[in-house]
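**Student:** Before anything else, here's the structure in question.
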Amino acid sequence: MKRVAPLLVALLLLIACDGGSSPDSAGTLTIVVNAPFSKAPYIGDTIFRGVDLAIDQVNAAGGVVLGDRSYTLRAEKMDNALSPQKALDNVRAAVASGAVAVVDEGTGIEGSWSVANDADIPIGIVYQGGEQLVDPQAKPNVFRITPTDHGIAYRFAEYLGLKKLKVAFIHDDSDYGEQGKVAFDDAFGRVPEMIAADISVPATAPDVSAQVLEARQSKATGLLVWARSSVVAEIVRATRSSGWDVPIYTAPTGEDPLVRQQLSDHPEWVDGLTFASGRMTAEKGPAPWMAFQTAYEQAYGQDEVGVK
């Protein structure tokens, strides 16, 4: 989520090439951040801070030159509340307001990309990693800088295979969970002997104990969870409160501080929780990414996710 600076530069180059929306007379271009500020504030706030920092750096360097004019940038928050319909409405509002680019968490892209494409507005995804979200031919205005679900799922298949684990896979029915299911099927479908159970849970379920019991009865020796952070916390609670001491692994949502906040009454239940993430690099190596991360931490402090 701190990876937005290079993506922002790429989006601005596309604006210059493709035209984008007409800039206003004040010489300011708006970048909309379409993210779940109300439902997943850690995700939304981190994305917005990264965009805002990148904009400050671009403005400090003289802004963006288009033709014979120089423009400064500004960021605008739009809350998608993890709702595909709300995310689509936000992109429509971004188009109507004359925004020149959208930095997106990823919810609702299947509906919103064409609205932005019709207005020559690029969308950059900086969180969700579902393979189907990006297609250079079908969705020419959608770009992404974030680890893909495909890569994370294959890494888990390799990592858990070396541990000789039989995996119970639990995913929720959100966009995030369903995309993870596609990646899991692809990666673990090549090693079906590793799969003990494949279980779906509603993203709004108040109780996941039945699904956790199903996973336990499958004789699984490892639990892999691909779901929103609130669901991850509920699965950890149901697992540990039942006395099941199985190792638990998660997709990047396990990083969200919400998981540890919801389990603050039993912090020991989070001990050993393992999530997968990624370290970004480029043709020039990791130095540009690390420089931006350092600038982010100097501006906002380190993100306290509750892990060492």
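**Student:** Can you tell me which residue among VAL225, VAL182, VAL167 is in contact (Cβ under 8 Å) with a residue 24 or more places away in the chain, open to solvent by 30 Å² or more (accessible area, probe 1.4 Å) and either in contact with a strand residue (DSSP E or B) (Cβ under 6 Å, 6 or more places away or on another chain) or more than 23 Å from ARG260 (Cα to Cα) (or both)?
**Tutor:** Every option except VAL182 fails the conditions.
**Student:** Could you please tell me which pairs satisfy a Cβ distance under 8 Å, a separation of 6+ or placement on different chains, a first residue in the stretch 281-300 that is within 15 Å of GLN57 (Cα to Cα) and of a type in the set (D, E, K, R), and a second residue that is open to solvent by 50 Å² or more (accessible area, probe 1.4 Å) and at pLDDT 85 or above?
**Tutor:** none
**Student:** For TYR159, indicate whether it is surrounded by 15 or more Cβ atoms within 10 Å (Cβ to Cβ), out of contact with any Cys (no Cβ under 7 Å at 6 or more places or on another chain) and in a helix (DSSP H, G or I).
**Tutor:** no
**Student:** Assigned to a loop (DSSP other than H, G, I, E, B) and over 17 Å from SER38 (Cα atoms): does that describe ALA99?
**Tutor:** So ALA99 passes the test.
**Student:** Let me ask something additional. Residue by residue through the stretch 201-213, note down the ones that are out of contact with any strand residue (DSSP E or B) (no Cβ under 6 Å at 6 or more places or on another chain) and either of a type outside the set (Val, Ile, Thr) or without any contact (Cβ under 8 Å) to a residue 40 or more places away in the chain (or both).
**Tutor:** PRO202, THR204, ALA205, PRO206, ASP207, SER209, ALA210, LEU213
**Student:** From the residues in the stretch 264-284 that are in a loop (DSSP other than H, G, I, E, B), of a type in the set (A, V, I, L, M, F, W, C) and within 17 Å of the chain's Cα centre (by Cα), which one is surrounded by the most Cβ atoms within 10 Å (Cβ to Cβ)?
**Tutor:** By that ranking, first place goes to ALA276.
**Student:** Give me a count of the residues in the stretch 238-258 that are within 14 Å of LEU223 (Cβ to Cβ) and open to solvent by less than 20 Å² (accessible area, probe 1.4 Å).
**Tutor:** Number of matching residues: 8.
**Student:** A further question on this structure: Does the stretch 29-51 hold any residues that are in contact with a Leu (Cβ under 9 Å, 6 or more places away or on another chain) and in a strand (DSSP E or B), and which are they?
**Tutor:** LEU29, THR30, ILE31 - these are the residues of the stretch 29-51 that are in contact with a Leu (Cβ under 9 Å, 6 or more places away or on another chain) and in a strand (DSSP E or B).
**Student:** Answer with yes or no whether GLN293 is within 25 Å of GLY177 (Cβ to Cβ), polar (S, T, N, Q) and in a helix (DSSP H, G or I).
**Tutor:** Answer is no for this residue.
**Student:** Checking GLY106 against (1) assigned to a loop (DSSP other than H, G, I, E, B); (2) open to solvent by 40 Å² or more (accessible area, probe 1.4 Å): exactly one of these is not met. Which one?
**Tutor:** With respect to (1) assigned to a loop (DSSP other than H, G, I, E, B); (2) open to solvent by 40 Å² or more (accessible area, probe 1.4 Å), GLY106 is out only on (2).
**Student:** While we're looking at this one, here's another question. Looking only at residues in the stretch 121-137 that are free of Cβ contacts under 8 Å to residues at least 24 places away in the same chain and more than 13 Å from the chain's Cα centre (by Cα), which one is most open to solvent (accessible area, probe 1.4 Å)?
**Tutor:** The extreme case among them is GLN137.
**Student:** OK, next. Kindly list the number of the only condition in (1) open to solvent by 40 Å² or more (accessible area, probe 1.4 Å); (2) touching a residue at least 12 places away in the same chain (Cβ under 8 Å); (3) more than 25 Å from ASP104 (Cα to Cα) that fails for ILE235.
**Tutor:** Going through (1) open to solvent by 40 Å² or more (accessible area, probe 1.4 Å); (2) touching a residue at least 12 places away in the same chain (Cβ under 8 Å); (3) more than 25 Å from ASP104 (Cα to Cα) one by one, ILE235 breaks only (1).
The values are calculated or read from the model by the stated rules, or taken from the named source; none is laboratory data. These numbers were taken from a predicted model, which means no experiment stands behind them. Reconstructed Cβ throughout: ideal geometry from the backbone, glycine too, with neighbour counts over all protein chains shown. What goes into the accessible areas is simple: the full protein's heavy atoms, side chains included, and nothing from ligands, DNA or RNA. Shrake-Rupley method; radii C 1.70, N 1.55, O 1.52, S 1.80 Å.
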